[in-house]
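Here is the structure we will look at.
Every read-out reported here was derived from the displayed coordinates using simple, explicitly stated rules and does not represent laboratory data. Quick caveat: nothing in here was measured; it's all calculated off a predicted structure. Neighbour counts run over all protein chains shown; Cβ positions are idealised from the backbone, glycine included.
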Ligand SMILES: C[S@@+](CC[C@H](N)C(=O)[O-])C[C@H]1O[C@@H](n2cnc3c(N)ncnc32)[C@H](O)[C@@H]1O
C-alpha cells in the first residue's frame, strides 16, 4: 500500500482553505452545469420518492404561492405546481440546471438563475405560502437561508427542507481522503460546503428563526455499483461529487480518479460497492 501523508494533507488543506481564490460555490455550479443533461436519469429517478415524501408531509395548500430553492431540473417545483395549481418559482445557481428545468417544466413553473440567498434577499417579506429546498441547502449558507425563508414566508406559511447530511457518502469521502493522503500535492482546492450533521440541527435553526417544526427525520438510502469505475461515473453523474472533481489539480486528476476507483473496490460486498446517501428532512410552519 502506498504511504499516506496525513499531516501534509492536513496542512495543505488548511492552507488552501484560507488562501484559495476560487470559490467552492463556483466549482459546484460548474459541475452541475456539466451533469445537467444526465441528472434526472442518475439522481431524480432514484431519489424522487424521498423528495415526494417531504412534499406529502408539507401538504402544500391549493392556490399556494411557492418558491423552490436550489430547484435543479425542476422536479420538486413541478410537483408543487401540480399539487397547488398556484404560482411556482424555481431558483438555481446553475445555468445548465435551470435550462433543463425550463425545458422540463417551463409551462407549469417560472425558473430563475440565481444564488438562493441572493434571490431570497430580493423578495418582499411575507410573500410566499410555501418554500422548499431539496438536496441543495448544504451548498448555500444554511443559517442565513433559513432566516430568509422565515422572513419571506407568510404567517402560517409552510417550509420543507430535505438534504444530504454531513455523513452522507461517508465511505466515499473516506476513500477520497485516503487518495489525497497518498498524493497531497494533487489537492488544489479545499471544498467548503456546509452540510448539516442531523435534522435536529436544522430544526433548531428553524426554531431560532421563528419557524415551528412539525416533522423531522433522518434516513439513508444505499445503492450498489459493480466496480470502482462505475462508482466514479455514478457519483459524477448525480452531482454527488459536485466540485470534488476540481479539487484535484488537472495534471494529477487521472491518477487520483484511478486510485479512488481502486480504493472504492476494496469496499466491495456480495451485492457490489455500497454507496450510501444519508439525509435529513425538516418540515415546519411560520407561526
Ligand atoms: C443535488 S441538486 C438538487 C436539485 C433539485 N432540488 C432536486 O431535488 O433534484 C443541488 C442543486 O443546488 C444548486 N445549487 C448549488 N448551490 C446553490 C446556490 N448557492 N444557490 C442556488 N442553487 C444552488 C445546484 O446548481 C444544483 O442544481
**Fill in**
Computed over the range 53-177, the relative contact order (Cα-Cα under 8 Å, seq sep at least six) in percent reads 25 percent
**Computed Kirkwood radius, in angstrom, where 1/r is averaged over Cα pairs of the range 1-157** = 16.9 Å
**Prompt:** What whole number of Å gives the distance from the Cα centroid of the range 3-71 to the Cα centroid of the range 245-287?
**Reply:** 12 Å
**Prompt:** Among 68, 33, 56, which one moves the most in a GNM of the chain with springs linking Cα atoms closer than 10 Å?
**Reply:** 56
**Complete:** In whole percents, the bins of 5 Å from zero upward hold the Cα-Cα pairs of the range 248-287 as 5, 17, 13, 13, 13, 12, 8, 6, 6, 6, 1
**Whole-number D in µm² s⁻¹ for the range 6-286, Kirkwood Cα-pair radius fed into Stokes-Einstein, 20 °C, 1.002 mPa s** = 111 µm²/s
**Point-to-point label distance, residue 265-residue 6, nm (Cα→Cβ direction, 7 Å offset)** = 2.6 nm
**Complete:** Rounded to the nearest 10, the angle in degrees between the Cα long axis of helix 6-19 and the longest principal axis of the Cα atoms of the chain comes to 40 degrees
**Asked** By how many nm would the segment from residue 30 to residue 50 grow when fully extended, if each residue of separation counts as 0.36 nm and the alpha-carbon distance is taken off?
**Response** 4.6 nm
**Item:** Angle in degrees between helix 253-265 and the longest Cα principal axis of the chain, rounded to the nearest 10
**Value:** 90 degrees
**Asked** If you count the DSSP beta bridges with both ends in the chain, what percent of them are antiparallel, to the nearest 5?
**Response** 55 percent
**Asked** Based solely on its DSSP helices, what 222 nm [θ] is calculated for the chain when runs of n ≥ 4 H residues each add -39,500 (n - 2.57) and the sum is averaged over all residues, nearest 500 deg cm²/dmol?
**Response** -14000 deg cm²/dmol
**Prompt:** Hey, rough spin-label estimate for residue 107 and residue 154, points 7 angstrom out along Cα→Cβ, what's it come to in nanometres?
**Reply:** 2.7 nm
